[in-house]
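The values are calculated or read from the model by the stated rules, or taken from the named source; none is laboratory data. Since we're looking at a predicted model, the values are computed, not measured. Every residue, glycine as well, gets a Cβ built from its backbone with ideal geometry; the counts of neighbours run over all protein chains shown. Calculation scope for accessible area: heavy atoms of the full protein, side chains included, ligands and nucleic acids excluded. Shrake-Rupley method; radii C 1.70, N 1.55, O 1.52, S 1.80 Å.
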Amino acid sequence: MLMSKMVLQTVKQAPNDVTILSQSLMMRAGFIKSVANGIYTLTMPAQLACQNIENIIREEMNRIDGQEIKFPVVMPKELWEISGRYYSIGSEMARFKDRNGRDMLLGMTHEEAAVHLCKNLILSYAQLPSMIYQIQTKFRDEPRCRGGLIRVREFTMKDAYSFHMTQEDLDDYYYKVHYAYERIFQRIGMKRFISVKSDTGMMGGSVAHEFMLLTDVGEDTLVLCDACGYKANMEVADSKAVETSSTELEQSLEQVYTADAKDIEQVSKYLDITAEKTIKAVVYAVKGDNEKVIIAFVRGDKEVNEAKLKKVVKVNIVPWEADGESGIVAGNIGPIGLNKKIQVVYDKSIKNAVNMVVGANKADFHIKGFCTSRELKNAEFYDVIKVKEGELCPICGKPLHLENGIEIGNIFQLGTKYTTSMNMTVLNKEGKEINPIMGCYGIGVGRALASLIQESNDENGMILPISIAPFKAHICALRLDDENVSTETNKLYNSLKEKGISVLCDDRNVSAGVKFADADLMGMPIRIVISPKSLKNNEIEITLRKTRESYKIPLETASSYIENLILDMMKEYK
RNA sequence: CGAGGUGUAGCGCAGUUUGGUAGCGCGCAUGGUUCGGGACCAUGAGGCCGCAAGUUCAAGUCUUGUCACCUCGACCA
């Protein structure tokens, strides 16, 4: 590709409001152009890089016997009514009517389509296990997009669906997909990625893992144990239960005046105790019904993990909005004497606690001497708190630490949620109808590219791994007014093209500095300089983007040298 | 959906306080000089100042409304 003809412009300055490095670099290099909020056009280099990522994904999915297919983007309402998700999913699903007034939607995932396809085609156990996958556009009307291609509304995703007769077979295949994912991320050049246990969310199912790129700008918080390798998303992460000392004598309950001390910090300061000796009430309401109040009681120094709480109460929750009617005294809420109609969840952090301070459900007062085992005789305790840095690993007891990550892929064991609701059955060996067990597996292609750039860059620009680089080589021809330079540049460019090598040739009439700066910014792995200076010795100059390593090679062997260099560099990603 | 912010040339911005000729840098075009790390000189093209209503002799600037985008939160298969 000739740089002068490419529809793209590099710019020195990214827009001021761009905060994420990968987005800034992609905007500066002209890789993406925003069309609307969370909707981007990819220019040639970004599109080629995505294609390269897709091809690596294909190779690895095919290696585990995946069959590439293609589902439609637009689907009728009826398909999604059977599974119930037409109603359970909110406004992130784009819906519209066709010309005949029929309700349609844009696909945001394809479980329903997968079952629809397979339910009359897979009839016998002999056809399983089987996996289908596609690489296709998804639309999700995200409430808030961010980070360029990190979180968008329209994106390309590889999504795969597998069907199995038994849980053992799914377990076995799930492990294979896990391995395939590791290979995919390694091959596209990702370095700091891990897989963590994750929440199954609205997809349903039991076991799930997310592949995460560790980076400060990640939207997810991960809980990691260096000692034993425990890794989990904060949404599901656990820590070792804190042992409470049983030596303390139980005091009797006593109401104390706490003035206008409302939050844990103020109360513990007012009473001169630590936050660990208080019980905090966090108030939620069922989404869409502020009257249906749910209160979580956790130890004062802990924070509520809403994802865990949602699982316990089995409804979608939102922070409660004080209304002055419910009899809830915000800032003085406690378990004793609370309106019985209110649903209450006790966290395991307050089990066995003695002599705690709790709200008195009365303005300006708290209660001292609260002992959980005495006051809450038949209470059940759940795990609804967030793990904090330094708490102990639930497996090995060593300190945990927290890191942020971007989700670059996920794998789910779906179970029979969709095969049951959509009535897909397969005959087993005994001739009995059973609902096959499903797994589903996703990777966002554009997000993978953005994540790579987020991870791989320096002060001059992005550094693209050769496995996915849109152009393997980037020729900077200096002084094209020099006939010799012009001739040799054309010769090398055409020779590389004939070898099937994707090469970018900067043939613009701009200064050397501009060409070098743009080459650095765009991050192609091999830079080739052809100039009057280098040609004087019948040489060209090669510089590796990643290491800055630079050397001269004879003109006559240049083409084959570069070809071999690329083959050699590609070996790392096989 | 809640809080805050921004809309002026393709991109980045100033001008808005105090109403009075539409500006700067980059980029683009033409000519010339340069030429291995974002060169220089000259000339030029490019604007419904987000949109709509209002106040005024006069609105980029003031008022009201509206739309879009950005940041933080909520949400997120």
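So the values come out like this:
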| item | result |
| --- | --- |
| Where A:ARG192, A:ARG63, A:ARG58, A:ARG527 fall by accessible area, highest first, once all protein chains stay in place (1.4 Å) | A:ARG63, A:ARG192, A:ARG58, A:ARG527 |
| Cα-only Debye scattering, region A:356-474: base-10 log of I(q)/I(0) at q = 0.11, 0.16 Å⁻¹ | -0.89, -1.02 |
| Chain A: Cys lacking any partner C-beta under 4.7 angstrom | A:CYS50, A:CYS118, A:CYS145, A:CYS371, A:CYS440, A:CYS476, A:CYS505 |
| Relative contact order (%) - criterion: Cα under 8 Å, at least six apart; region: region A:375-444 | 25 |
| Bins of 10 Å from zero: percent of alpha-carbon pairs in region A:137-182 | 22, 32, 26, 20, 1 |
| Distant-in-sequence amide H partners of A:LYS280 (H built 1.01 Å from N, under 5 Å) | A:VAL298, A:ARG299, A:GLY300 |
| For A:GLU375, solvent-accessible area (1.4 Å; no DNA, RNA or ligand), Å² | 50 |
| Stokes-Einstein D for region A:9-54, Kirkwood Rh over Cα pairs, 20 °C, 1.002 mPa s (µm²/s) | 194 |
| For region A:35-191, Kirkwood radius (reciprocal of mean inverse C-alpha pair distance, Å) | 17.5 |
| Dipole magnitude (debye, nearest 20) for region A:374-425, charges at Cβ of Lys, Arg, Asp, Glu | 180 |
| Overall dimensions of region A:477-528 by Cα: Rg and Dmax, Å | 11.3, 29 |
| Total charge dipole magnitude, region A:140-266, about the Cα centre, Cβ charges on Lys, Arg, Asp, Glu only, Debye to nearest 20 | 1040 |
| Ranked order, A:THR258, A:THR247, A:THR41 - accessible area, probe 1.4 Å, largest first | A:THR247, A:THR41, A:THR258 |
| List A:TRP320, A:TRP80, ordered by accessible area with a 1.4 Å probe, largest first | A:TRP320, A:TRP80 |
| Value at 222 nm in deg cm²/dmol, rounded to 500, when DSSP H runs of n ≥ 4 in chain A each add -39,500 (n - 2.57) | -7500 deg cm²/dmol |
| Net charge, A:ILE188 excluded, C-beta distance under 14 Å - Lys, Arg +1, Asp, Glu -1 | +2 |
| With DNA, RNA and ligands ignored, accessible area of A:LYS429 (1.4 Å probe; Å², nearest 10) | 150 |
| Along principal axes, Cα extents of region A:272-388, largest first, whole Å | 38, 31, 27 |
| Where the Cα pairs of chain A fall when distances are cut into 10 Å bins, in % | 3, 14, 20, 20, 18, 13, 7, 3, 1, 0 |
| Of A:MET157, A:LEU224, A:CYS145, farthest towards positive along the dipole that unit charges on Lys, Arg, Asp, Glu beta carbons give chain A | A:MET157 |
| Centroid-to-centroid separation of region A:472-547 and region A:50-83 [C-alpha atoms, Å] | 39 |
| Three-way shape label, region A:106-218, alpha-carbon gyration tensor, a/c 1.5 | oblate |
| Heavy-atom accessible surface of region A:117-242: percent carbon and sulfur, 1.4 Å | 49 |
| Per residue, in Å², the accessible surface of region A:430-574 once ligands and nucleic acids are set aside, probe 1.4 Å | 43 |
| For A:MET356, residues with placed amide H under 5 Å, excluding near neighbours | A:GLY369, A:PHE370, A:CYS371 |
| Table column - 3J(HN,Hα) (Hz), region A:148-158, Karplus curve with 6.51, -1.76, 1.60, x for Gly and Pro | x, 7, 5, 9, 10, 8, 10, 7, 9, 9, 8 |
| Debye intensity ratio in log₁₀ form over the Cα atoms of region A:435-574, taken at each q of 0.13, 0.18, 0.20 Å⁻¹ | -0.58, -1.02, -1.22 |
| Accessible area expressed per residue, region A:154-282, with surrounding protein chains retained (probe 1.4 Å, Å²) | 50 |
| For region A:163-170, Karplus couplings with θ = phi - 60° (6.51, -1.76, 1.60), whole Hz, Gly/Pro x | 10, 9, 7, 10, 4, 4, 5, 5 |
| In Å², nearest 10: area of A:MET108 left accessible to a 1.4 Å probe | 20 |
| Vicinal HN-Hα couplings computed from phi for region A:288-295 (Karplus, 6.51 cos²θ - 1.76 cosθ + 1.60; Hz; Gly/Pro x) | x, 9, 5, 6, 7, 8, 10, 10 |
| Expected-Rg normalisation [2.2 N^0.38 Å, Cα atoms] applied to region A:356-424 | 1.94 |
